[in-house]
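Beneath this line is the structure, given in structure tokens, with notes to follow.
The values are calculated or read from the model by the stated rules, or taken from the named source; none is laboratory data. The shown structure was predicted, so the numbers you read here are calculated from the model rather than taken from an experiment. Cβ atoms come from the backbone with ideal geometry, glycine included; neighbour counts cover every protein chain shown.
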Amino acid sequence: MISSQQAKQRLCVGRACWCLLVYLCLYPSFAWSANTVLVVLDTGNRIHQSVLRHFRELANASLAPESAVEIRSLDFNQHKAEETPEAGLIITIGVRAAAELQNHPVDVPVLNVLIPQDAYRQMISAARRETAAVFLDQPIERQFAVAHTLLPTVHEAGMLLGSESSADIASFARAAGRFSLDLDVVTLDRGASPASAIQKLLTSNQVIVSTFDREAYQPATAKWLMYLALRQQRPIIGFSYALLEAGAAASVFSTPEDIARHTADIVADWVHTGIAPTGTAFPRYYNIGINARIADKLGLDAPSEKVLEQRVRTLLGETP
Amino acid sequence: MKSTGFFRSFGIRARVMILAVLPIAIVTTLLTYNFTASRLHDVELGLTERAMLIARNLALGSEFALVSRNVPLMGNVLQHVANEPEVQWAGIWDREQRVMISRGAGPDRAKTNEIVSAIEANRGLPPDCYYVPIRISDLDLTDFSEEYPSQHMNGSSDLTKVLGFAVVEVGREKANAQRVEILSSSVLITVVGLFGSALLALLIGNTITEPIIRVLKAVRELRGGNLAARVTARSGGEMGDLEQGLNQMAESLQDAQQDLETRVEEATGALRDTVVELELRNLELDQARQLALRAGRARTEFLARMSHEIRTPLNAVVGFAKLLEAGGRPESNEEHVRTIQRAAGQLLHVINDILQFIRLDAGADRIESLPFSLVDLLEDVVAMLGPMAQEKRLDLVLLQHNDLPQTLHGDPDRLSQAIVNLVNNAIKFTQKGHVLLEASRLTDESGSDQIEIAIADTGIGIDEAEQTNIFDAFSQSDSSITRRFGGTGLGLAITKRLCELMDGDIKLQSTKGKGSRFSIYLPCRGCSAPALIESGGAFAAQKILVYDVNPFMRRSLRNVLALWDMRVFNTGRWEQVLQMVTDANEHGSFDILILGLSYAEQKEVVIGRYLSELRRRYAGRLILLTGSENWMPPGSGRSDKRLSWATKPVRRSTLRRLLDTSPGEKKPDGTSTEKALRPQRLLDMQVLVAEDNDLNRQLLRFLLEEEGATVDEAVSGAVAVDAAIRGGYDVILMDLHLPEIDGAEAARQIRRHFGVEAPPIFALTADVFGQSHLAGAEASFDDWLLKPVDPELLIGRLSILRGKHVPSAPSRNAIPAKLRKKLPTVLHDNYLTEVERLVDQVRSNLLNEDATAVSQSLHDLKGIVGMCGDEKLLVLAQRLTIDLLDTDSADAEAFLNEVKHAARLASMDLKGRE
């Protein structure tokens, strides 16, 4: 026979177990959604993995332990198949993940990193809402600053642009002017021979400043630009490490670690402020490289990369 | 399987060569093929790669020019490409396969179309044409290219599309030159490799095969029986072991073989000796068989010849006997009888030859050793056969050299018989010319003295092929000679046997058609005696001229005259005789001239002329020597006191007597001289004749007394013994068949009585094999004589006892005609009666089949039947043997009648002569 007291005790224990069970069931969802960052990426992409790895290393570095965020990753393909888990912030790495989140929107702030500026623009123009983004591209000022720093006596800078970039020419010219450079923009028309445009560009300019333009910098065009520029002793200031390797005298570029670091800064701000990131930005962190071989062939008196970077940052007004 | 057999037929050298060369050749060929093919492929590949590289470079080099549509730039690039030696043509086509620019001799339109279609169909181009699409190559300028999908989506297809084509056509000259070089070098390498490998294989193969071949050679030699064969061990290793092993094996084999041979030699030595002995026996038997066959053939020939020799005179005898039986004129009958006698004499001669040969062959004749005068013997022979030569008008010359000894020791009778046979033959076989009997003394190679007695003639000669068997019995040089000259063919055989019996020899030199020379060589027994030395006496140193056309005759006379110390001149030309005589008259004329007249000169006219011519120049003594026995000088010659004559050949004694005869003495007639000189050869000899047959006894008495002997008779053995013991007999003739005591026993008793002083005792027997009857009694007799007794032989033997040799005439066992005329009448009267009595006795004994009595009566008959000298009876007597017992009775009867008939005829003949 069970006594009433014993029955009460038994009832209390049952209630306690039930409550614990509910807590346990509810606690993860609560805890997960509070400071949880979901990184959506192409897990098969080596660069994405690199960005993720660096992000994991850097995200909590500037946070107090109690503010630490939980970083979870999800392949963008899985995001399609299942319901997106609860998270405080979703970071997409790459264009495809960003496009996936745009196609399947969630009620969670989204930060797109490692995405070209023009791709982001195209995506935003077609999307229902705007997301925060960190671009792949470097701001053009950085190239002009490098050009000016490396070739302080040069004042004629040229740019090869496609017809679709004509809207940016004014801003580019202004930016060049800040560094005492006269910008000569040569537009490459669709279907026209790039050779003549390149010849024109190289003939009338002492330094070529490049920016990513899908019309102007087709692989064949870029190759011959590099070839002819070298033959005509015209230094090119590039916008990527690949361009530096291809023959640019100097180039400005960001690495996956730079991107991860910039992202970690944004996440830290979100944790500290509780305000979801907004707006777009060029990579905060960047590098300046010099192709010593090309520089030597061109007869440039190039400083070391570190010195050049300091001078550029100084020129740009950035804190070293 | 065929191939295996085919290869099996190869030698080891070939196999090794195939083994060594074939794999190398195959490997070399395959390697060379592979190497060549690989190199050719490399050349082709190189050409292709080179062309593709050029095209690729052209594509790369012209990419910018094509992008920029910079045709001059294309031209520059193309010119660089076209300068490549392999490139024949290079061009750049746009993406629509239109030639934008080209260099070199481009392909024709058809080929261009083919290239275009090949490019469109993405298949292979025509040979030596290569193309590379000119594409725009990618250059990624972004660091995160995957984040720029629009870059690939929008521009990738256009940017990587084909701008055009770089086409190159290469020439194959260089490649072909390389191919030729490769093929040449490959062929050269192959040939050198094959040759080198073959040479190496040959050298290595030789090191393998040579020792094997050496071993094989040695094995073949060993297999062939040459166990001394060895391998020259020069190899090492296994072959060296094999060579050494083979040599050791061969050595072992040789040792074993030698050991085996030694054993076999020992085992078969005796057998071989036996076989050798048997072979020798067989050889001897074969020789004997050959001899027997030859003898058989000779005997057959002889029988045929004898048949002829016997039947011919027998036919004459029978024929003339029938004529006599038929009767006729007395003159004709006498002639028939003489013919029958001649024929019977021929028969007797034949039979005597046979008998003597048989005696010689049986060794029945013995040789005496008596001193005798060879000169006398030769002169007797010449004197005896001179008439025979005269009949044939032949010169019979006796040439005696003066170194001959005065006496010799030997058997004069046998020697005389041998010489007579040869001279007789020489005369017989010579038709013209001369017969020379030459005696000389010579020294043989051993230094011993010999006497050579040569009989040379100018007769028919003997063929060289026939000379080898001329001395064989029953042989004459050929059958034609037998037919032409007759004869038994035993004469030379008998002569040779006689010479051999006298320890001499006989040789023949003859030339067919020119003549023969038989030389008897005798040991010169008694040659220590001085040579002939005779004093010349009164005519010593006289000057004498000898003329004879026959040079041998001149030499003969000169030798004799020189022996007598005469000064001899001789010539064979009559004119020279006259000249020499004329010349001599001025310086001293010849004392004596001897003219030997040839048969041609013996004509009366010639001799008359000779005498006339000679006497005009020479008045001295003249001696004529003629060939005719009864010759008389013609006309005036008979009254010539200084002329004397004699018959050629003249004895020395006769010649000396002629020389001694003073002029005016009685002219020595040849015949009368011979008669006067004939001595009684048994003068004063005391002879005892023991003979039971009266006729035989009387005949012996007559013969002996004719020679001056004194004869006593004994009719039985006992009487003979008594008479002999009384003594005084110089010789006893003892018949073997005597009554009371037979002859042998009587002789033994006489010898027992006298001992060594016993007189010579001669056995008389009618048996041809007289010695058989002397068996056991040889020591009792000094000699034996065959009945019927040959008078000359009897006198000759007895005269030897007197130390005076008288040569015996050719033995005919016939009583000479001159003696037959003088036979006592009693012999004539009793002869026939006795023969008939004995024939009847034989017949009676035959009927009684009493062999002993038949033998005794036959012996008596044989002893008496030939005593009258009748030739036919002598022949018949030889058939009186014990064989009559085995003869058919009718034949025996006929034979005995024949004997009786012959005896009757003989008796008539004897009576007729009286």
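General remarks:
- Of all residues in segment B:774-794, those satisfying the criterion of being among the acidic types (Asp, Glu) and either within 13 Å of residue B:731 (Cα to Cα) or at pLDDT 65 or above (or both) are B:782, B:783, B:790, B:792.
- Positions within segment A:184-198 being within 14 Å of chain B (Cβ to nearest Cβ) and loosely packed, with under 15 Cβ neighbours inside 10 Å, in sequence order: A:190, A:191, A:192, A:196
- At least 2 residues being under 18 Å from the mean Cα position of the chain (by Cα) and more than 14 Å from every other protein chain (Cβ to nearest Cβ) is the threshold, and among the helices (runs of 4 or more DSSP H) wholly inside segment A:229-307 those reaching it are A:256-273.
- Count - residues of segment B:357-380 that are under 17 Å from residue B:404 (Cα atoms) and out of contact with any His (no Cβ under 9 Å at 6 or more places or on another chain): 4
- The residues in segment B:599-625 that are closer than 24 Å to residue B:589 by Cα and outside any helix (DSSP H, G or I) can be counted, and the count is 10.
- When residues in segment B:568-614 are screened for being without any contact (Cβ under 8 Å) to a residue 24 or more places away in the chain, over 59 Å from the mean Cα position of the chain (by Cα) and surrounded by 15 or more Cβ atoms within 10 Å (Cβ to Cβ), 0 of them pass.
- Checked against the criterion of being closer than 19 Å to residue B:12 by Cα, among the aliphatic types (A, V, I, L, M) and not in a helix (DSSP H, G or I), the candidates B:215, B:219, B:231 yield just one match: B:231.
- Screening B:455, B:462 for residues that are on the phi < 0 side of the Ramachandran plot, surrounded by 21 or more Cβ atoms within 10 Å (Cβ to Cβ) and either of a type in the set (Ser, Thr, Tyr) or at pLDDT 90 or above (or both) leaves exactly one candidate, B:455.
- Checked against (1) within 13 Å of another protein chain (Cβ to nearest Cβ); (2) assigned to a helix (DSSP H, G or I); (3) in contact (Cβ under 8 Å) with a residue 40 or more places away in the chain, residue A:201 passes all but condition (1).
- Residue that is modelled with the highest pLDDT, among those in segment B:520-538 that are surrounded by fewer than 18 Cβ atoms within 10 Å (Cβ to Cβ) and outside any loop (DSSP other than H, G, I, E, B): B:538
- If the condition is being closer than 25 Å to residue B:650 by Cα, part of a strand (DSSP E or B), of a type outside the set (Ser, Thr, Tyr) and out of contact with any Phe, Trp or Tyr (no Cβ under 7 Å at 6 or more places or on another chain), then segment B:424-450 contributes B:435, B:437, B:438, B:439, B:441.
- All strands (runs of 3 or more DSSP E) inside segment B:312-423 with 2 or more residues being of a type in the set (S, T, N, Q) and either at pLDDT below 80 or touching a Pro at 6+ places or on another chain (Cβ under 8 Å) (or both): none
- Residues of segment A:204-228 classified as in a helix (DSSP H, G or I) and either crowded, with 24+ Cβ neighbours inside 10 Å or among the hydroxyl-bearing types (Ser, Thr, Tyr) (or both), total: 5
- Among the residues making up segment B:835-851, those that are crowded, with 17+ Cβ neighbours inside 10 Å and more than 10 Å from residue B:900 (Cα to Cα) are B:841, B:842, B:843, B:845, B:846.
- Looking only at segment A:252-298, and only at residues there that are among the hydrophobic types (A, V, I, L, M, F, W, C) and under 19 Å from residue A:318 (Cα atoms), the one that is surrounded by the fewest Cβ atoms within 10 Å (Cβ to Cβ): A:281
- Matching residues, segment B:549-567, being buried (at least 21 other Cβ atoms within 10 Å of the Cβ) and either of a type in the set (Gly, Ala, Ser) or in contact with a Leu (Cβ under 7 Å, 6 or more places away or on another chain) (or both): B:556, B:560
Here's the yes/no breakdown for (1) assigned to a helix (DSSP H, G or I); (2) under 20 Å from residue B:797 (Cβ atoms):
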{"site": "B:720", "(1), (2)": "yes, yes"}
{"site": "B:725", "(1), (2)": "yes, no"}
{"site": "B:734", "(1), (2)": "no, yes"}
{"site": "B:738", "(1), (2)": "no, no"}
{"site": "B:741", "(1), (2)": "no, no"}
{"site": "B:744", "(1), (2)": "yes, yes"}
{"site": "B:747", "(1), (2)": "yes, yes"}
{"site": "B:751", "(1), (2)": "yes, yes"}
{"site": "B:756", "(1), (2)": "yes, no"}
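Residue-wise test of (1) free of Cβ contacts under 8 Å to residues at least 40 places away in the same chain; (2) in contact with a Gly (Cβ under 9 Å, 6 or more places away or on another chain).
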position	(1), (2)
B:24	no, yes
B:32	no, yes
B:36	no, no
B:44	no, no
B:49	yes, no
B:52	no, no
B:59	no, yes
B:62	no, yes
B:67	no, no
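- When residues of segment A:86-142 are limited to those that are in contact with a strand residue (DSSP E or B) (Cβ under 6 Å, 6 or more places away or on another chain), farther than 17 Å from residue A:51 by Cα and among the β-branched types (Val, Ile, Thr), the one nearest to the other protein chains (Cβ to nearest Cβ): A:131
- Residue satisfying condition, being more than 37 Å from the chain's Cα centre (by Cα) and farther than 18 Å from residue B:439 by Cα, within set B:370, B:377, B:394: B:370
- Evaluating residue A:255 against the criteria (1) farther than 18 Å from residue A:113 by Cα; (2) in contact with a strand residue (DSSP E or B) (Cβ under 7 Å, 6 or more places away or on another chain) leaves one unmet condition, (1).
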